[in-house]
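The values are calculated or read from the model by the stated rules, or taken from the named source; none is laboratory data. Source: prediction; values computed, not measured. When we count neighbours, we look across all protein chains shown, and the Cβ atoms used for this are built from the backbone with ideal geometry, even at glycine. SASA here: full protein model, heavy atoms, side chains in, ligands and nucleic acids out. Shrake-Rupley method; radii C 1.70, N 1.55, O 1.52, S 1.80 Å.
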Amino acid sequence: AAAAAEVQLSRLRWAVLLLFSSYSLCNAFQWIQYGSINNVFVRFYDVSAFAIDWLSMSYMLIYIPLLFPVAWLLDKRGLRLIALAGSALNAMGAWVKLGSLKPHLFPVTVLGQVICGLAQVFILGMPSRIASVWFGSQEVSTACSIAVFGNQLGIAAGFLVPPVLIPNVEDVEKLAYHISIMFFMTAGVASALFILVIIVFKEKPPNPPSQAQALIQSRPAVEYSYVQSILRLLCNANFLLLMVTYGLNVGCFYALSTLLNRMVIHHYPGEEVNAGRIGLTIVLSGMVGALISGIWLDKTKTYKQTTLVVYIMSLVGMIVYTFTLSLGHLWVVFVTAGLLGFFMTGYLPLGFEFAAELTYPESEGTSSGLLNVSAQIFGIALTVGQGQIMDHFGTKAGNLLLCSVLFLGTVMTAFIKADLRRQQANLENEQT
């Protein structure tokens, strides 16, 4: 009864969510800004396409060893410190890249990208935690979707903006000038967002927003052990299945995003701007899918069924995209890429929220972090694997690899049981 009396929603919750989405957007933009015009940066820095691919994969590689220290920090020191660290590193990496505007300074741009990759460790596991700490039980999935939405919007901007700002010109001096415009704009936005985080971002609302959150906040601090929490998660069979299937799906998305420029230009030479627009189509349709799936989950609470349907449709979308890419009609590629993105990117918040349900009352930061580690490992493996297959056997063979991976993930998703522990806790407390 005491817990029920304390539950109240804060007006500040939407400002916190919007601010997080904004600096997450900026960080995601920096992830794909090289890959979306891979061929231009290959010529500017005089390095291989594989070296530019690694600028994207560095984000994935850095995340894997640093997840656990950062998730521990999130549990011990809370949301505000993690938000400050993520936004500060994001701005720092953007400024470092401004020192790499000569062809021989490729190592400096690598350093800037590594710092941005560090920032991402402080960003990726936050959506479900912010949603749980700040939002009520009837809006928590929608809030998580909006938080993921920001990251996806950043990837969309990363596909759209670089091909427009940086034309594929021969003159290296002109190329350096156009690259500098993009780097200056990014650094300015990242710095402004860091200042806003210092001013606006709060640790938590004055009152818990839901019964489930009230229970967690009323638990004695000594009762919680971070190591024990991870061990409990790794003994949860349903969560382990979700961890692998999430990694397979999101790993396919990472590989597709990183290699999209190479795929499109192989079949449609000189279409760098349209390659970026196809990437934009994938992400924008995925953002619509993510928002719809979040609202749907809040209304229906059908986590298992929704996840399985979206996974099956991701597989169908990938198969259609694979066999239409080489038809010679760019408009067909736009349509099939949009269909693929709607489901594949729309799956991201579903995975976070399903994990929060399966693992309650464990920390959402830890469960999200483990999902992301799985995604980064599969992302690196699939990006390298698909890249090598494309080099030796063509783009269709590379895309067929992703089709087979999504088929495996669909089968495994069917075996996850819908053990909705967070929903159960909310229902029991409301009845009490």
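Here is how the numbers come out for the structure above:
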quantity: Candidates per GluC sites (Glu not before Pro) in segment 126-232, loop by DSSP, up to 10 other Cβ within 10 Å; calculated: Glu170
quantity: FRET E, pair Arg11, Val332, Förster distance 56 Å, beta-carbon r, rounded to 0.05; calculated: 0.75
quantity: Net lengthening on full extension, Leu73/Ile295 (0.36 nm per residue, minus Cα-Cα); calculated: 76.9 nm
quantity: Sparse-neighbourhood loop sites, chymotrypsin sites (Phe, Trp or Tyr not before Pro) in segment 384-432 - DSSP loop, at most 14 other Cβ within 10 angstrom; calculated: Phe415
quantity: Folded to 0 to 90 degrees: helix 303-324 orientation relative to the chain principal axis, Cα; calculated: 10 degrees
quantity: Of every Cα-Cα pair in the chain, the percent that sits beyond 27 Å; calculated: 49 percent
quantity: Residue-normalised accessible area of the chain, given per residue in Å² at a 1.4 Å probe; calculated: 38 Å²
quantity: Cα-based reach from Lys97 at 24 Å (exclusive), listing lysines while leaving out same-chain residues under 8 positions away; calculated: Lys174
quantity: Principal axis dimensions, segment 10-220 - Cα atoms, whole angstrom, descending; calculated: 62, 30, 26
quantity: Theoretical gain in end-to-end length, Ala51 to Leu18 [0.36 nm per residue, Cα-Cα removed]; calculated: 8.5 nm
quantity: FRET efficiency, 1/(1 + (r/R0)^6) with R0 35 Å, evaluated for Val244 and Val164 via beta carbons; calculated: 0.35
quantity: Listed residues Cys252, Cys235 arranged by accessible area, highest first, probe 1.4 Å; calculated: Cys235, Cys252
quantity: Segment 10-220 - percent of accessible surface contributed by carbon and sulfur, probe 1.4 Å; calculated: 72 percent
quantity: Table column - 3J(HN,Hα) (Hz), segment 244-249, Karplus curve with 6.51, -1.76, 1.60, x for Gly and Pro; calculated: 5, 5, 4, x, 5, 5
quantity: For segment 223-431: rounded, prolate or oblate by the Cα gyration tensor [a/c cutoff 1.5]; calculated: prolate
quantity: The chain: relative contact order as a whole-number percent, Cα under 8 Å and 6+ apart; calculated: 25 percent
quantity: Rounded FRET efficiency, nearest 0.05, which uses the C-beta distance separating Val411 from Thr302 and R0 of 30 Å; calculated: 0.90
